[in-house]
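> Once you've had a glance at the structure underneath, I'll fire off some questions.
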């Protein structure tokens, strides 16, 4: 368990640092381009890691924890959301997909407004 936590923690640290670096490099005040970039890159990386892991039994869980959970988790949580949406669509669970996407967007934005309101 400690070894798994270290893999996730080290990957998360790297992902967080990469996210910050992208935010420093990409400055677009009129549009959240850095966040969009991070979310798209993170979705691609987690798909590559999980796709490779599914095709290669030798791909160790340590690397999956490091890249998918750690790096992508520190880089963006949108990557996990994207994979879960894809899985729901592949399972033809369309109602669950629509509910999950809608609740995630509306719930996330509502929670943000609530947090701002609470701190005023």
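Every read-out reported here was derived from the displayed coordinates using simple, explicitly stated rules and does not represent laboratory data. Being a predicted model, the structure only gives us computed values, none of them experimental. Cβ placement follows ideal geometry from the backbone for every residue including glycine, while neighbour counts extend to all protein chains displayed.
> GNM, the chain, Cα, under 10 Å: largest mean-square fluctuation among 15, 107, 70?
The residue that fluctuates most here is 107.
> Just the number, please: Stokes-Einstein D of the chain in µm²/s, Kirkwood Rh from C-alpha pairs, 20 °C, 1.002 mPa s.
Numbers: Rh = 15.9 Å.
Calculated translational D: 135 µm²/s.
> Here's a follow-up. For residue 55 paired with residue 16, estimate the spin-label separation in nm (one decimal), with each label point 7 Å from Cα along the Cα-to-Cβ line.
It is 3.3 nm.
> Springs between alpha-carbon pairs under 10 angstrom, Gaussian network model over the chain: which of 16, 110, 79 fluctuates most?
110
> How many nm is it between the label spots at residue 28 and residue 109, if each spot is 7 Å from the Cα in line with the beta carbon?
1.9
> Which residue, 75, 66, 31, tops the fluctuation ranking in a GNM of the chain built on C-alpha contacts under 10 Å?
31
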